Amino acid sequence: MIKKTKKVPDSRGHFGRYGGRFVPETLIPALAELEETYKKLKKDKTFQQELDLLRNNYIGRPTPLYFAKNLTERVGGAKIYLKREDLCHTGAHKINNAIGQTLLAKKMGKTRVIAETGAGQHGVATATGAALVGLECEIYMGTDDMKRQSLNVFRMRLLGAKVTEVPTGSRTLKDAINEALRDWTTNVRHTHYVLGTVFGPHPYPAMVRDFQSVIGTEARKQILRAEGKLPDCLIACVGGGSNSIGLFCAFLKDKIKMIGVEAGGLGIESGKHAARFAGGSLGVFQGCMSYLLQDGDGNVLGTHSVSAGLDYASIGPEHCYLKDLKAIEYTYATDDEALKAFDLLSRTEGITPALESAHAIAETVNVAEKMPVDAIIIVNLSGRGDKDVMEVARIKGIEL
């Protein structure tokens with residue numbers, strides 16, 4: 001159970017010593033405008049009703065809380081429930097935030113939105129939201145991610161978005177964010193940056209959390225209806241950390257074990273991973289202070305994950321704060337473990353998870369088998385695996 005001594009984030013966007021606003025002066029007015037507008041719209045009944053209507057009739061909420069009977073029997077131990085964010089329109093939880101932010105951009109009078117994407121799901125969601133409300137859209141994506149997520153690249157273009165390749169640096173999510181920030185700095189008057197996770201300068205970490213909190217709010221009601229009690233454990237994958245915070249935040253006042261699963265890549269010792277809590281240190285990166293994979297001189301290290309959406313050098317500041325409070329435990333799953341979980345859920349339940357979500361399934365298997373049969377686990381199935389099928393086939397050497 002958490003006992004907070006003060007509200008977080010504070011007025012400057014700090015979660016304890018984490019978070020904040022570290023950006024060029026050019027962006028300060030835009031962030032201030034965004035913060036002020038969001039504060040007003042949070043209390044605006046008309047805006048909230050419009051958002052709720054879209055959640056229900058467009059996104060497809062509430063998403064089911066599904067008892068994975070076959071997986072439970074296969075693993076043994078605790079009952080495993082899946083929060084089916086993979087059934088959201090566009091295939092992942094990302095649409096919850098993207099619809100909220102594109103509506104917000106329209107209310108602010110912006111004519112254009114930009115976004116970064118790794119796995120492509122946030123890019124697709126932002127392009128979808130932009131098409132829905134009538135905004136110009138440009139998505140930045142690293143070269144390597146464009147290759148392994150070619151299906152989502154086509155989907156974004158089909159939705160009318162311009163997809164701009166980022167061939168520099170690691171050619172993944174980190175560099176896509178850098179390019180999006182440069183664009184926003186140049187075009188700040190008419191452009192809104194739809195940041196995709198609980199990261200970046202204030203107010204993004206709290207705002208994205210709020211848009212994703214619908215996941216946990218629903219799951220809490222659904223498990224009480226299904227089982228008559230709260231779960232014993234919550235599990236979710238953690239890249240930037242929006243799907244996990246979205247699930248966890250509704251249960252933070254309860255005595256419930258919560259586990260965030262980072263990308264262990266080829267193993268921590270290999271240096272080819274994206275497990276910030278296993279190998280990172282405190283630093284300032286892309287707008288906020290958080291845990292960061294960096295060397296002794298503060299240079300950002302390269303990352304690796306079989307999952308493009310977890311392949312990122314830093315993590316949302318609220319996760320760091322909650323780790324310090326011992327409210328959430330953090331671990332990691334390797335590429336091999338995630339790939340096995342990808343196959344396992346597909347074959348036992350007929351549900352193919354995104355590779356990001358497969359990391360959470362891998363940890364769920366480890367945890368469930370050690371728990372009693374009357375225990376309950378909720379794992380956030382943050383996205384579906386359609387986008388990853390070709391990449392998994394390539395990894396396995398299967399020609400399609």
Q) Once the dipole of the chain is set up with Lys and Arg at +1 and Asp and Glu at -1 on Cβ about the Cα centre, which of Y58, T331, Q294 lies farthest towards its positive end? A) Y58
Q.
Taking the Cα centroid of the stretch 92-115 and of the stretch 53-84, what is the distance between the two, rounded to the nearest whole Å?
A. 26
Q.
Need the list of lysines near K396 for cross-linking: C-alpha distance under 27 angstrom, and skip anything on the same chain fewer than eight residues off.
A. K147, K174, K272, K340, K387
Q. Under a plain spin-label model, where a point goes 7 Å from the Cα along Cα-to-Cβ, how far apart in nm are H190 and L53?
A. 2.9
Q | Among T126, Q222, Y312 - extreme Cα towards positive end, dipole of the chain, charges at beta-carbon | A | Q222
Q.
Using 21 Å as the Cα-Cα cut-off, could you pick out the over-long pairs in K7/K45; K40/K162; K7/K43; K257/K326?
A. K7/K45; K40/K162
**Q.** Rounded to the nearest 20 debye, dipole of the chain from Cβ charges on Lys, Arg, Asp, Glu
**A.** 1380
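With viscosity set to 0.692 mPa s and temperature to 37 °C, compute the Stokes-Einstein D of the chain, Rh being the Kirkwood radius across alpha carbon pairs; µm²/s, no decimals. Before the final figure, lay out each step's value.
Numbers: Rh = 20.8 Å.
It comes out at roughly 158 µm²/s.
How much mean residue ellipticity at 222 nm does the chain get from its helices, if each DSSP H run of length 4 or more adds -39500 (n - 2.57) and you divide by all residues, to the nearest 500 deg cm²/dmol?
Numbers: 16 runs with 166 residues, N = 400.
That comes out to -12500 deg cm²/dmol.
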Q) Can you give the convex hull volume of the alpha carbon atoms of the stretch 131-277 per residue, in Å³? A) 165
(Q) Please list, ordered by chain and number, the residues whose modelled amide H lies under 5 Å from the amide H of F285; skip anything fewer than 5 residues away on the same chain. (A) S290
Q | Amide H contacts of G265 (H built 1.01 Å from N, under 5 Å, at least 5 apart or other chain) | A | A274, V306, D335
Q | Qualifying trypsin sites (Lys or Arg not before Pro) for the stretch 20-106 [loop in DSSP, other Cβ within 10 Å: at most 10] | A | K43
Q) Cross-link partners among aspartates and glutamates for K79, C-alpha distance below 17 Å, same-chain residues fewer than 8 apart left out? A) E227, D232, E349, E363, E369, D374
**Q.** 32 Å Cα-Cα threshold exceeded, pairs from K69/K106; K107/K253; K69/K255
**A.** K69/K106; K107/K253
Q | In Hz, Karplus ³J(HN,Hα) per residue of the stretch 191-200 (6.51, -1.76, 1.60; θ = phi - 60°; x = Gly, Pro) | A | 10, 10, 8, 8, 5, x, 9, 7, 9, x
Q. Between the stretch 147-170 and the stretch 250-293, how many Å separate their Cα centres?
A. 26
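Relative contact order, percent, of the chain when contacts are C-alpha pairs under 8 Å separated by at least 6 residues?
Relative CO of the chain lands at 21 percent.
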Q: Collect residues whose amide H, placed 1.01 Å from N in the peptide plane, falls under 5 Å from the amide H of M258; neighbours closer than 5 in sequence don't count.
A: L234, E329
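Throughout, read-outs are computed from the coordinates displayed, never taken from laboratory work. These numbers come from a predicted model, not from an experiment. Cβ sites come from the backbone with ideal geometry, for glycine too, and all protein chains shown count toward neighbours.
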